[in-house]
Amino acid sequence: MQRHLQKYRIRKLWPLETETFRRHLLRLDPETRQFRFGTPVNDNFLNAYAETAFRIGTVVYGAFIGPDMYASAELRSLHAVGDDMAEAAFVVETAHRHHGLGSVLMDRIITAAQNRAIHQLHMICARDNQPMQKLGEKFGAQFRINHGEALGEIETDPPTVLSILGEAMHDTSDFVTAVFDWSPIGAAPRPEPRRIRHHRG
Ligand SMILES: CC(C)(COP(=O)(O)OP(=O)(O)OC[C@H]1O[C@@H](n2cnc3c(N)ncnc32)[C@H](O)[C@@H]1OP(=O)(O)O)[C@@H](O)C(=O)NCCC(=O)NCCS
């Protein structure tokens with residue numbers, strides 16, 4: 001498993017990378033979309049959802065090969081910013097599963113929650129979603145079944161100097177990596193330029 005993991009870089013998604021997140025979400029097959037969002041979702045939904053990645057109270061991590069992202073993990077405040085509860089959600093593209101990506105992303109999300117003084121991490125998935133429940137249980141989650149859903153909770157530790165330093169150090173090195181992923185000369189990704197139409201007098 002470690003051998004497979006070496007080809008991925010696990011890092012935070014930066015605000016210049018909405019398109020990267022969008023491309024990852026749009027590649028998800030219908031079954032995976034249903035597992036991730038709890039209901040069937042179409043491309044329009046995912047296009048709009050990608051825009052929410054950098055809302056206040058949201059942190060997104062991804063597994064990258066070069067500039068492309070093949071798995072994501074999101075930490076989102078449940079109610080108001082400053083609340084001590086948040087939701088965690090994960091999706092690994094089918095061809096990239098069972099390589100341990102879910103586990104390394106969970107590890108990063110738990111540290112991110114800890115560093116934001118989030119005390120309780122919630123996960124919601126379908127009651128028959130064994131992979132997600134096993135992943136959560138590996139990190140101490142306890143799931144209870146409520147109607148068709150399994151609701152999991154992880155209690156996180158308070159932040160420490162070491163946990164904050166760990167995230168800060170990752171951020172610094174991850175950002176440098178991201179800059180070099182964006183292009184061989186380190187230029188940030190830009191949206192396609194708009195075509196300007198010139199009307200002749
Ligand atoms: C759940 C999911 C994120 C796991 O990702 P992954 O990268 O395959 O996870 P890992 O390789 O780190 O495996 C983590 C653990 O999950 C369990 N697991 C993974 N796949 C499994 C499967 N098909 N059946 C049963 N258990 C499974 C294993 O216990 C594994 O631990 P291990 O280290 O003992 O092998 C992935 O299956 C996925 O994206 N599913 C679709 C989206 C989804 O269901 N999201 C949840 C709602 S938020």
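The values are calculated or read from the model by the stated rules, or taken from the named source; none is laboratory data. Since the model is a prediction, treat every value here as computed from it, not as a measurement. Because the Cβ atoms are built from the backbone with ideal geometry, glycine has one as well, and the counts that use them run over all protein chains shown. All accessible areas refer to the heavy atoms of the entire protein, side chains included, with ligands and DNA or RNA removed. Shrake-Rupley method; radii C 1.70, N 1.55, O 1.52, S 1.80 Å.
A few comments on the model shown:
- Projecting the Cα atoms of ALA141, VAL59, TYR49 onto the charge dipole of the chain (Cβ charges, centred on the Cα centre) puts TYR49 farthest toward the positive pole.
- For the chain, a simple Cβ point-charge model (Lys and Arg +1, Asp and Glu -1, everything else neutral) yields a dipole of about 840 debye relative to the Cα centre.
- In this view, the solvent-accessible surface of ASP174, computed with a 1.4 Å probe and all protein chains in place, comes to about 10 Å².
- Solvent-accessible area per residue for the stretch 77-156 (1.4 angstrom probe, square angstrom): 51
- On Cα atoms only, tilt of 18-27 relative to the major axis of the chain in degrees: 70
- Rounded to the nearest whole angstrom, the semi-axes of the ellipsoid equivalent to the chain, taken from the Cα gyration tensor as √(5λ), stand at 29, 21, 18, largest first.
- Across the stretch 2-182, the mean sequence separation of Cα contacts (distance under 8 Å, 6 or more residues apart), normalised by length, yields a relative contact order of 19 percent.
- Only helical runs count toward this figure. For the chain, summing -39,500 (n - 2.57) over DSSP H runs of n ≥ 4 and dividing by all residues gives -11500 deg cm²/dmol at 222 nm.
- Fraction of accessible area attributable to carbon and sulfur, the stretch 1-115 (%, probe 1.4 Å): 53
- When the alpha carbon gyration tensor of the stretch 59-168 is reduced to an equivalent ellipsoid, its three semi-axes come out at 21, 20, 12 angstrom, largest first.
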